[in-house]
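Notes follow once the structure below has been shown.
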Amino acid sequence: PMSAVSELTPQMQGYVGEFMDPDNLGWLPYVMYFHPTNFRTDIVSTDDSGFRYSEARNARYSATTLNTEDPVRLLVGSSTVFGTGATADRHTLSSRLTENDPRPERWINFGGRAFNSMQELFQFLLYRHRLPPVKEVVIFSGLNDLVLSGLPSNLRGEHGGFFFSQQFFDRLTGTRATGLPWFKKGGQRAMSGTVLPVDEQVIYTSDLILRHLNSWRMLCDALGARLTYVLQPLANWVRPTGSVEEQAIFAELDTQGSFRETYRDVCSVETHRLFSEHLQLGMKEMGVRFINFTSVLAQAARPDQWLFVDRIHLTDEGSDVVAKLLLRELNQGNLT
């Protein structure tokens with residue numbers, strides 16, 4: 001039988017295989033991992049440091065290849081910001097933001113696939129010296145932290161879980177050449193932690209995001225950059241039934257099991273309501289602007305509009321729609 005995924009979203013093959021080969025990934029201090037460097041296909045290309053190129057206004061640029069005098073706007077996040085799902089660099093959110101923004105500053109793709117909120121912050125600290133003056137920071141994120149809150153407590157530790165953590169801890173418990181273990185083996189380490197109930201996962205995640213966001217707030221205050229946190233949309237949160245293409249793709253992805261197991265609880269509308277309420281309350285107290293993008297997209301999306309390549313990542317059209325709505329929400333008649 002024909003696969004809806006391979007027929008409707010052939011570009012997704014460009015984001016697996018060679019691009020996600022562990023031998024090609026950059027293994028970095030502090031952030032754990034980042035994209036392959038100087039990677040180039042028709043679908044995705046990265047610079048010397050692994051940041052994805054944007055293409056807009058007849059120019060091609062990335063976080064580390066800019067004239068350092070012209071101010072920029074930073075789009076921070078994980079794979080949705082990176083642009084998993086886009087058929088080419090020019091269809092990522094940062095490219096579409098630059099193309100649709102009447103202001104002179106370019107939007108920079110500062111997304112890291114599979115990053116959590118701490119890795120997003122660390123990446124900024126590591127590369128801030130390479131950036132021009134930053135006029136605005138928009139963090140378009142939230143889902144990875146929520147998913148990772150479902151890990152057992154020993155994998156979450158004090159600072160929240162990260163993807164590939166099981167492999168990381170497995171490697172650490174191996175022995176070095178000297179024969180000394182890196183730390184004492186605790187038997188079945190992975191299974192020794194407790195898993196939080198879903199409502200507690202939401203509170204845990206909100207607290208973690210707010211903790212990291214407070215550091216962003218201090219940095220942005222010092223830089224004179226405007227800061228906004230955007231809770232990214234999930235297809236199930238936006239509308240109960242997607243376009244014809246989305247329905248075909250989601251039905252096929254559900255038979256593959258992994259999404260259903262990992263995201264089942266996260267997908268519920270009730271989880272979204274709790275999550276956005278906690279974040280909104282915390283950010284109001286902190287004085288950081290919060291946009292719950294699900295409600296923005298839900299009001300604007302037409303039933304037949306094909307926005308998602310899976311429940312998290314956007315189609316080319318979805319990217320353009322989101323970029324235009326995001327600019328509208330960010331500026332609301334106040335273009336600065």
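Here are some notes:
- Calculated mean residue ellipticity at 222 nm for the chain: -12000 deg cm²/dmol, from DSSP H runs with n ≥ 4 weighted as -39500 (n - 2.57), summed, divided by the residue count and rounded to 500.
- Amide H within-cut-off set for F308, under 5 Å, with H built and near neighbours excluded: T315
- Gain upon complete extension [S153, E329; 0.36 nm per residue less C-alpha separation]: 59.7 nm
- Neighbour net charge for N116 - beta-carbon separation under 13 angstrom, K R +1, D E -1: +1
- Shape parameters for segment 43-83, alpha-carbon atoms, Rg then Dmax in Å: 10.5, 29
- Projected label distance in nm at V195 and S6, using a 7 Å step from Cα toward the beta-carbon: 3.1
- Size descriptors for segment 1-56, from the alpha-carbon set: Rg then Dmax equal 13.5, 44 Å.
- Virtual spin-label span in nm between Q280 and T65, 7 Å along Cα→Cβ: 4.1
- Carbon/sulfur fraction of accessible area - segment 1-102, other protein chains in place, 1.4 Å, %: 49
- The chain: DSSP helices with Cα axial extent of at least 27 Å and average Kyte-Doolittle hydropathy no lower than -1.0: 198-223
- The value of relative contact order for the chain, using C-alpha pairs under 8 Å at least six residues apart, is 18 percent.
- Summing +1 for each Lys or Arg and -1 for each Asp or Glu among the other residues whose beta-carbon sits under 12 angstrom from that of R217 gives +1.
- Sequence-distant residues sharing a close amide H with D101 (under 5 Å, placed H): none
- Taking 7 Å steps out from each Cα toward its Cβ at I203 and D23 produces label points 4.8 nm apart.
- Summed side-chain charge close to G83 - residues other than G83 whose Cβ falls under 13 Å, Lys, Arg +1, Asp, Glu -1: 0
- If you sort the three axes of the alpha carbon gyration tensor as a ≥ b ≥ c, you get a/c under 1.5 for segment 37-141, which makes it rounded.
- Peptides 302-308, 95-101 ranked from most to least packed, by the mean per-residue count of other Cβ atoms within 10 Å: 95-101, 302-308.
- Amide H contacts of V137: L74, R226, L227, T228, each under 5 Å away and 5 or more positions distant or on a separate chain (H built 1.01 Å from N in the peptide plane; Pro and chain starts excluded).
- Put the Cα centre of segment 143-170 next to the Cα centre of segment 1-66 and the gap is 24 Å.
The values are calculated or read from the model by the stated rules, or taken from the named source; none is laboratory data. In this text, all values refer to a predicted model and were calculated from it rather than measured experimentally. Neighbour counts run over all protein chains shown; Cβ positions are idealised from the backbone, glycine included. Note: accessible area is taken over every heavy atom of the protein model, side chains too, but ligands, DNA and RNA are not part of it. Shrake-Rupley method; radii C 1.70, N 1.55, O 1.52, S 1.80 Å.
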